[in-house]
1. Can you give the charge dipole size of the chain about its Cα centre, rounded to the nearest 20 debye, using +1 on the beta carbon of Lys and Arg and -1 on the beta carbon of Asp and Glu?
2. Hey, what number do you get for the chain at 222 nm if only DSSP H runs of n ≥ 4 count, each worth -39500 (n - 2.57), divided across all residues, to the nearest 500?
3. Add +1 for every Lys or Arg and -1 for every Asp or Glu among the other residues with Cβ under 14 Å from the Cβ of residue 254, and state the total.
4. Find which of 131, 272, 174 sits farthest along the positive direction of the dipole of the chain, computed with +1 on the beta-carbon of Lys and Arg, -1 on that of Asp and Glu, about the Cα centre.
5. Using Rg/Rh (Cα atoms, Kirkwood Rh) as the read-out, say which of (1) 1.06; (2) 1.03; (3) 0.98 was calculated from these coordinates.
6. Round to the nearest 0.05 the FRET efficiency obtained for residue 188 and residue 60 when R0 = 30 Å and r is the Cβ-Cβ distance.
7. Placing unit charges on C-beta atoms (Lys and Arg positive, Asp and Glu negative, everything else neutral), compute the dipole magnitude of the stretch 98-200 about its Cα centre in debye, rounded to 20.
8. I want to check the label-to-label distance for residue 150 and residue 116. Put each point 7 Å from Cα in the C-beta direction and report it in nm to one decimal.
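Computed from the coordinates by the stated procedures, all read-outs in this text should not be read as laboratory data. The shown structure was predicted, so the numbers you read here are calculated from the model rather than taken from an experiment. Please note: Cβ atoms are built from the backbone with ideal geometry, for glycine as well, and neighbour counts cover all protein chains shown.
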Amino acid sequence: MRNGGNEPEDGRPVRRRAAFYLPGYDPRRPRVYHALFAEELAAAAALRGFAAHAGALEGEDGPTPAFAIAALDPAGEWETRTTLTILRWDDLARPAFRAPLAPRLGKLLRVGADLVRRGVVARLARIDRQFAAFIVYPYAATLLLALLVVAAAGGAGVLGWRIHPLAAPAAALAAGGLAGWLALRLDRPLFLRYLLEDWLFSFAHERGETDVLQERLEVFAEAVVAAARDPGIDEVLLVGHSSGAFLAPETLALALARDPDLGRRGPAVSLLTLGTVAPLMLVDETCVRYRAAVGRLANEPSIVWHEVQSRHDAMNVCPVDPAALSGRFPERTRWPRTLRLSMPQLVAPGRLGLFRERLFFFRTHFRFLRANERVHWYDFYGILAGPKTLAARHAEVPDMRDAGR
């Protein structure tokens, strides 16, 4: 095998791949991702004309549940077997949603106030105003709902007073309770608490305020090193989506710290980041972990790092070069190659309602992980299950960093 993400020296396709998937902040169990990948893999195989099957999920209760993917070209030109291991951290996220909201609300809102006060949101707005608005959205919407609850209680109290002074407290309590109930009902479809908890957890991790997730990344890094030492593996592939787009580089940097020869011998080592929110961690000077990982990987010759970004995803910073934004490099770095994705080109004509997709932003955010409806250079399940390494698959796709040259 050639090093640095090239094809095998004899020109044969990738036959065995060890893939590692790092999801974003999500209280859903790994079985949800397993079901998503199995269903979308079948759809992708039908489009591309190959046979594929996802095996059963094993080890769901552990930190590294995994399942096998078998893909086969009916013409017999290639056959690839992939083991996909999922970083489990849903159990770390879930307790926050079980805790009462009222005692946590002040702490959750202080994160947003701190980002505004220190100018983080303003700096982010100069890079991507759409994403800056998305960062502000859950804090502003939560405050608005809280004000509406107070206004409803106050207005009902005034009306009750006009009827009879003794009626004012009961009217205010009833109206405030009803408005509060409606606000809590709106929270789920608006993803307000989810996003508030996401940013709170992510910043605590990136600032080194907690090591609970770091311990999981250490376990994952050990698994990456073990896979890279397996002589039967042709490619080790790390995929990070959403918050996983800063956790995957951190994991690979940890793996390189354990084995500096990673990627210099044995299988190709590839890193794919999708739907990244990670630049937020670069414009905030208090965040150190992702910044350090970018510094470690940006010019590492033994790996390949591709980052796919899309303006159609409000949760994705685009366009941005993480290495340049980190401020560590005076000149252009080797990695990551930043590839711009137009999501309407993935689906059948007329199927993508952009307003609807932007309104239901998680639907668009997860389109990175769904099967294409049209053949396109971006093919998530071809990357996971196909016969080419990441470098070979995207060899002809232009780097966004070349657009201004």
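1. The dipole of the chain has a size of about 1260 debye.
2. Details: 16 runs with 198 residues, N = 405.
Roughly -15500 deg cm²/dmol at 222 nm, from the helical runs in the chain.
3. Working: positive: 216, 258, 289, 296; negative: 211, 215, 218, 222, 250, 259, 300.
Computed value for this residue: -3.
4. 174
5. Only one listed value fits the structure, namely (2).
6. Efficiency for this residue pair is about 0.75.
7. The dipole of the stretch 98-200 has a size of about 220 debye.
8. Taking the two extended label points, one gets 1.3 nm.
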